[in-house]
Every structure is written in structure tokens, then in C-alpha cells.
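Peer 1: For reference, the structure I am asking about is given below.
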Amino acid sequence: MTSNPLDIAIIGAGPAGLAAALRLHQRGFRPRIYESVAELRPLGVGIDVKVYGSKELDELGLLEEFRAISVDARDSIFYNKYGQEIYAELCGVHMGYLYEQRFVHRGRLQMLLYRTVLERLGADAVVQGTRCTGYTNHDERVTLDLVDQDGTASQVTADLAIAADGINSALRRQMHPDHSEPVYSGITMWRGTTLMEPFGSGGTILHIGAPQSSSMIVYPIADDFEGTGKVLVNWVVEATREESVEDWNQLGSVDEIMHYYDQCDIVHLDVQEMLRNAREVYLFPLIRHEPLDTWTDGRVVLIGDAAHAMYPRGGNGACQAVVDGGALAEKLATVEDVPAALKAFEEQRLKAVNGIVMAHRGEGYEVIRRMVEERTGGERFTDIEEVLPLAEADAIFSKYHALVGQPRPGHEAGDTTGFRTKDAYRNTRPRGVVDADDATRAQILAVEERRRAALLAVDLPALDDLFDASLVHTHAPGLTHDKAQLLEHVATRKAYLDISRGPLTIRLIGDVAVVTGRIENRLDSPDGAERLVRGQVIQVLRRCEDGAWRFVSFQMTPDGEHVWPATDAEKAALAQTSIGQKGAQA
């Protein structure tokens, strides 16, 4: 790596400043970071790192370490305040992207970046306990005014200064004195964490209620937290409040927000219990800055929240801050004049990021929850498709994904890549095998009765719907079918005269059901006589994305060894078995 002599000062050791330092180091620079706190600690709550954020961390060589401290995001589900599902989509690699979307505790990500800066740039790369209060531009340098923990003032000079000192940036206030006072939005956030059993897919983010009134976001930020076998869940509630909280770490109480969710019934999460068991609750004012028309002043540039603070909706604030560092490093490495390089960075990033800022302020894709609230008058709906058609919701999401630079893979106009789970997670991730509850047992018995009726009637369309594409069906020793082969067998043999079942045992493992019990099949044999085949059956079903139970495996162990193959493929397969060879010898 070629060393670059440019002297760079970074103000702030949050994710934006630390990521910028690592990106600059990759380009041969050796910046120094000035951080106001005396000792960095893993503070904060959860953040949602989008696909492009994971890509940035991979390019920093940190993807594996990042995976070790974060949770893979699998799906995102939206509900009204009653817990009725509005919309769902897959996330990250599960949607077809090359990189994961991941959930992480902000402090753990910050500590990963911090340790890496010290390893790569040296122990003196971060000066802690030093606050920057202002700057003075010169022709070739910039002077920074610093104050340490005991109030001692000092100055340093550099070729340029990168202000990554957050939403209350002192350098932003100097650069834009008329546009730096935060404005309270009228909304307060209650943010907390709860240690609990996994829910949903284990990587599910839930969006509950209507924005600006009683919105809740819930997602896991650590698996097997501290060896407990449980997940640490991050949640945030937004609600209108006339008065802003006085400081950013004010303790709050769930008693203030419990009533918003007293009618919320989500199939795989007890919202009230999660709130009651919160480890801590903090209040934060939801504030805004107006978008800036410039991020640069001579040899000073703003990045991250100092430049483009966003409402914490849509999970792009931290990711865009990390992207800033890579874009800025590229310009400084390729444009010789420092002010010109900073302007080139601004021209590349400012307009696009301001668009994201305003999209977040306008609720982004979260708008679908408000649309449902308004169209139903805040009441329960009977059919979500009549309230918000899937195609309409999907168009909103596609537009938003394109805005933040990650258009959906393979998406064309008119395609719908979202879906509705129809309670797909009612029984996900229990701790072990459990007996089916009465409602689930009734569902599975009804599916088995449909299978019985379809076999007797040779109803191939019904069987096609009942059988999962992954079906493996072993109905006699030596004969195993996939779905297509089984349908061919049924159409060819047309053998079933009656099917009787004995008492069935039904056990659940998440969204998988295992059914065991006796069976008696009355069949029409090839010689025209009737025969009875009795045996023990093991059936495996899974609850699919549309909420329906479908067969993935069927295995029958007959009491006898009589087998009557019907198709040529079955006869050839049987000839290779001990049963077939026994018959040939006879």
C-alpha cells in the first residue's frame, strides 16, 4: 500500500468516523480521530444494516467478524395495531441479493470498527477525551480548536478535517449556523431491549401499528445472548408527545406505551410480555434537521449524521454514514486538490442522500401502515387485499429500494416480490418437540382427509396442491417417488377403494408436523381381486408461506411384503431390491 502524506483529522469516533478512517487507510492515508468521550464503550441500541452496508464491511475485510456479532435478517413483516398482517418480504440473501441484511447492537459494531482502527492504524490513531469546538480555514491548512476533559484548550492543524461528530455537530453549527438547531418533530421514541425466546424465523423484523401514532419496530440483535440460549431483542415505539424529552438518555417507562398494544395479537410474539420484560427503556426525541445545500467549507467536510441525519426509519442512517467514508476516500485519492476533492465527494453524494433523508421523513415504505390505518378508519379489516392490494404495496417497496440504491433482483414492472404469510410463524422455533394444539391438530386432520378423498377420486389437481414440491413418498419397500412420480402412479394404478386411519399422533417442530399412526388401504389388485394392505405410516408436513400445510414426506411400512408395481420405472426399481429379486426367483 502506497503511503499518502496528506494530514487528515476526523472529528468523532462513531461508525461514520471509524469507517472513514479505515477506508482512508486502504487508500494509503493515515488519519487521526479526535473523540469527545474519555473512553469509548459499546453504547446505543439496535441498528438495521442493509445489504449495501454489509457490502461496505466486506470491502473493509470485516464481514466475517461482523457476522459473528450480528443476526441475519430473513424477513420483514408489517402489521396494523391489531396484529393483522399487511405485507411481508424477504431480506438480503433470502431475497436474492449477494449480501446479507443484518441486525446488530450499535455499540458492538462501533467496537468492531474501533478495534480494527487501532490494529491497522496504530494505538495513537484515536485521541479520546478531546472535543472539537470549531475550525479556521487557511489557504493550505485548517486549524481545529480542541478542548480536553479538564477544559484545557489547544489547537491542531491538518490538510483537511472530516466532521463525523453526529447530529449535534459543532462543525456543522459553524458551517451552517442558521440550519443546525434540531427541531422536535412532536414524536418521542421509547427504545428498549428485551431478553426473550426467538420469534418468527429467528431473523424477523416486525413493523406494528401506524407511523406517527403508535408505531413499533421489533428485531433481534444478538443470538444466544451471553450464553442464555435466548435472543436480545431491540424494540422502538414512536408516539406523539407535546413536550420533547430534555436529554437523549432519559429513562422511560413502558407504562406510558402499553395501552397502545392492548388489542395487538401477533401470532408469534406477545408484545405486552416483551414490553413488560424490558431490560431498560430510554426516551429519545425524534428531531430533524433541514437538508443542507452544501457539506463543505474550504478544507472541512461533513459526513454521516453531521451531514444528513435521518429519521430512524428504513434502516439507512448508519449505512449511508459508512458509505460516505468510502466515497470520500476515493475522491481524496484521485483528486489532487483537497477542496476540489471534497466538492467532488459532495456532488456525488449530497443530492441522492438528501432524497433518502426526505423519504424517511415522509415515512418511506412504512407509509403502507398509515395507508391501511386511514383506509380502514383504524378498524380491523376482513380482507387485506381489498384494503391494500399486494401489487400496490409491492410498487411502494420497489420504488423505495431503488431510491436507496438497491433495486430488487430480477424485478420488472408489474412483478410482486412481497407476500403475505397468513400466520406462517404461529408455531416457529419452539424449544423442542411439542404436541399439536387443538387448532393445529384440526388443520392437519383436515389436510389428511383431503388427501384421502383425492386419492379415492383420483383428483390429481387436489393432490398437486396437497403435495410439496420437495415430496419424498415411500409407500412400499423399495418404492420411493418424488411428487411427479407419485402423481403418475396414482393416475396409472387408480387402485384405492377405501382408506381407513387409526388414532394419529401429531407432534410439532416449529412449522413442521410429524404424523404417525396405523393405516388400512383397500385396493383393487391387478388380478381384479380386492386386497387389504395394513401398516404403520409416518407423514411429515410443513406449513408453507401461504399458511397451508403440505406433505413433504410419506413413508408406509406394510405389515406384509406384497408389492404391485404399476409403471415401468417402478418395476425397474423394484427389480433392484431384495423383494423384487425374491419374486423373480420364485
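The values are calculated or read from the model by the stated rules, or taken from the named source; none is laboratory data. Since we're looking at a predicted model, the values are computed, not measured. For neighbour counting, all protein chains shown are included, and Cβ atoms are generated from backbone atoms with ideal geometry for every residue, glycine included.
Conditions tested, residue by residue: (1) assigned by TED's automatic domain parsing to the domain that holds residue 73; (2) under 26 Å from residue 168 (Cβ atoms); (3) surrounded by 21 or more Cβ atoms within 10 Å (Cβ to Cβ).
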residue: 317; (1), (2), (3): yes, yes, yes
residue: 327; (1), (2), (3): yes, yes, no
residue: 336; (1), (2), (3): yes, no, no
residue: 384; (1), (2), (3): no, no, no
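Peer 1: Sticking with this one: Name, by its number, the condition in (1) at pLDDT below 95; (2) among the hydrophobic types (A, V, I, L, M, F, W, C); (3) in contact with a Ser or Thr (Cβ under 6 Å, 6 or more places away or on another chain) that does not hold for residue 104.
Peer 2: Of (1) at pLDDT below 95; (2) among the hydrophobic types (A, V, I, L, M, F, W, C); (3) in contact with a Ser or Thr (Cβ under 6 Å, 6 or more places away or on another chain), only one is false for residue 104: (1).
Peer 1: Among the residues that make up the stretch 74-88, is at least one of them surrounded by 19 or more Cβ atoms within 10 Å (Cβ to Cβ), over 30 Å from residue 385 (Cβ atoms) and either modelled with pLDDT under 95 or not aliphatic (A, V, I, L, M) (or both)?
Peer 2: no
Peer 1: Further question: Mind checking which strands (runs of 3 or more DSSP E) fall wholly inside the stretch 17-85 and carry at least 2 residues that are more than 30 Å from residue 155 (Cα to Cα) and of a type in the set (Val, Ile, Thr)?
Peer 2: 46-49
Peer 1: A further question on this structure: Scan (1) surrounded by fewer than 20 Cβ atoms within 10 Å (Cβ to Cβ); (2) closer than 27 Å to residue 6 by Cβ; (3) among the aromatic types (Phe, Trp, Tyr) for the single condition residue 295 breaks and write down its number.
Peer 2: (1)
Peer 1: Still on this structure: List the strands (runs of 3 or more DSSP E) that sit entirely inside the stretch 95-172 and contain at least 1 residues that are more than 23 Å from residue 51 (Cα to Cα). Reasoning before the result, please.
Peer 2: Numbers: elements: 102-105, 130-137, 142-148, 153-158, 160-163.
Of the strands (runs of 3 or more DSSP E) lying wholly inside the stretch 95-172, those with at least 1 residues that are more than 23 Å from residue 51 (Cα to Cα) span 130-137, 142-148, 153-158, 160-163.
Peer 1: Right, here's the next one. Filter the stretch 443-455 down to the residues that are in contact (Cβ under 8 Å) with a residue 12 or more places away in the chain and either farther than 22 Å from residue 540 by Cβ or touching a helix residue (DSSP H, G or I) at 6+ places or on another chain (Cβ under 9 Å) (or both) and list them by number.
Peer 2: Of the residues in the stretch 443-455, the ones in contact (Cβ under 8 Å) with a residue 12 or more places away in the chain are 443-445, 447-448, 450-452, 454-455.
Those that are in contact (Cβ under 8 Å) with a residue 12 or more places away in the chain and either farther than 22 Å from residue 540 by Cβ or touching a helix residue (DSSP H, G or I) at 6+ places or on another chain (Cβ under 9 Å) (or both): 447, 450, 451, 454, 455.
Peer 1: Which one is nearest to residue 61 (Cα to Cα), of the residues in the stretch 114-142 that are crowded, with 17+ Cβ neighbours inside 10 Å and of a type in the set (Val, Ile, Thr)?
Peer 2: Applying the filter and picking the extreme gives 116.
Peer 1: Looking at this structure, is residue 36 of a type in the set (S, T, N, Q) and surrounded by 23 or more Cβ atoms within 10 Å (Cβ to Cβ)? It would help to see each step written out before you state the result.
Peer 2: Values: of a type in the set (S, T, N, Q): yes; surrounded by 23 or more Cβ atoms within 10 Å (Cβ to Cβ): no.
So residue 36 does not fit the description; no.
Peer 1: Check off (1) under 29 Å from residue 174 (Cα atoms); (2) under 20 Å from the mean Cα position of the chain (by Cα) for residue 124 and give me the number that stays unchecked.
Peer 2: Status for residue 124: all satisfied but (2).
Peer 1: Can you name the residue in the stretch 148-172 that is closer than 30 Å to residue 237 by Cβ, surrounded by 20 or more Cβ atoms within 10 Å (Cβ to Cβ) and among the small types (Gly, Ala, Ser) and, of all such residues, is nearest to the chain's Cα centre (by Cα)? First the steps, then the outcome.
Peer 2: Start the filter on the stretch 148-172 by keeping residues that are closer than 30 Å to residue 237 by Cβ, which leaves 164-169, 172.
Right, trim to surrounded by 20 or more Cβ atoms within 10 Å (Cβ to Cβ) and you get 164-165, 169, 172.
If we keep only those that are among the small types (Gly, Ala, Ser) too, we end up with 164, 169.
Details: 164: 27, 169: 30 Å.
Among those residues, the one meeting the criterion is 164.
Peer 1: Please verify whether the stretch 60-73 includes one or more residues that are surrounded by fewer than 20 Cβ atoms within 10 Å (Cβ to Cβ), basic (Lys, Arg) and either out of contact with any Lys or Arg (no Cβ under 9 Å at 6 or more places or on another chain) or within 30 Å of residue 4 (Cα to Cα) (or both).
Peer 2: No - not one qualifying residue is present in the stretch 60-73.
Peer 1: Out of 293, 324, 297, I need the residue that is within 17 Å of residue 51 (Cα to Cα) and more than 20 Å from the chain's Cα centre (by Cα). Which one? Walk me through it before giving the result.
Peer 2: On the way: 293 fails: within 17 Å of residue 51 (Cα to Cα); 297 fails: within 17 Å of residue 51 (Cα to Cα).
Sole residue among the options that is within 17 Å of residue 51 (Cα to Cα) and more than 20 Å from the chain's Cα centre (by Cα): 324.
Peer 1: Can you run down the residue pairs with Cβ atoms below 6 Å, 6 or more apart or on separate chains, where the first is in the stretch 146-161 and outside the structural domain of residue 12 (by TED's automatic domain parsing) and the partner is in a loop (DSSP other than H, G, I, E, B) and polar (S, T, N, Q)?
Peer 2: Sorted first by the residue in the stretch 146-161, then by its partner, the list stays empty.
Peer 1: Of the residues 511, 468, which single one is closer than 30 Å to residue 201 by Cα, modelled with pLDDT of 85 or more and not hydroxyl-bearing (Ser, Thr, Tyr)? Break it down into steps so the answer makes sense when it comes.
Peer 2: Details: 511 fails: modelled with pLDDT of 85 or more.
Going through 511, 468 in turn, just one is closer than 30 Å to residue 201 by Cα, modelled with pLDDT of 85 or more and not hydroxyl-bearing (Ser, Thr, Tyr): 468.
Peer 1: Got at least one residue in the stretch 482-491 being more than 17 Å from residue 552 (Cβ to Cβ) and touching a residue at least 60 places away in the same chain (Cβ under 8 Å)?
Peer 2: yes
Peer 1: Taking the stretch 335-352 as the region of interest, how many residues are part of a helix (DSSP H, G or I), closer than 18 Å to residue 142 by Cα and of a type outside the set (Gly, Ala, Ser)?
Peer 2: Residues meeting the conditions: 4.
Peer 1: How many residues, within the stretch 527-564, are more than 19 Å from residue 471 (Cα to Cα), small (Gly, Ala, Ser) and modelled with pLDDT under 80?
Peer 2: 2
Peer 1: So is residue 175 buried (at least 22 other Cβ atoms within 10 Å of the Cβ), at pLDDT 90 or above and more than 18 Å from the chain's Cα centre (by Cα) or not? Don't jump to the end; show me each part of the working.
Peer 2: Details: buried (at least 22 other Cβ atoms within 10 Å of the Cβ): yes; at pLDDT 90 or above: yes; more than 18 Å from the chain's Cα centre (by Cα): yes.
When the stated conditions are applied, residue 175 passes them.
Peer 1: Next question, about the same structure. Return the only residue of 87, 99 being assigned by TED's automatic domain parsing to the domain that holds residue 133 and touching a residue at least 60 places away in the same chain (Cβ under 8 Å). Spell out how you get there, then give the answer.
Peer 2: Working: 99 fails: touching a residue at least 60 places away in the same chain (Cβ under 8 Å).
87 is the lone residue from the list that is assigned by TED's automatic domain parsing to the domain that holds residue 133 and touching a residue at least 60 places away in the same chain (Cβ under 8 Å).
Peer 1: Which count do you get for residues in the stretch 1-33 that are more than 18 Å from residue 108 (Cα to Cα) and touching a helix residue (DSSP H, G or I) at 6+ places or on another chain (Cβ under 9 Å)?
Peer 2: First, pick out the residues of the stretch 1-33 that are more than 18 Å from residue 108 (Cα to Cα): 1-11, 23-33.
Of the ones still in play, those that are also touching a helix residue (DSSP H, G or I) at 6+ places or on another chain (Cβ under 9 Å) are 1, 4, 6, 8, 10-11, 23-33.
Final tally of qualifying residues: 17.
Peer 1: Any residue in the stretch 372-385 that is of a type in the set (A, V, I, L, M), at pLDDT 75 or above, part of a helix (DSSP H, G or I) and on the phi < 0 side of the Ramachandran plot?
Peer 2: Within the stretch 372-385, one or more residues are of a type in the set (A, V, I, L, M), at pLDDT 75 or above, part of a helix (DSSP H, G or I) and on the phi < 0 side of the Ramachandran plot.
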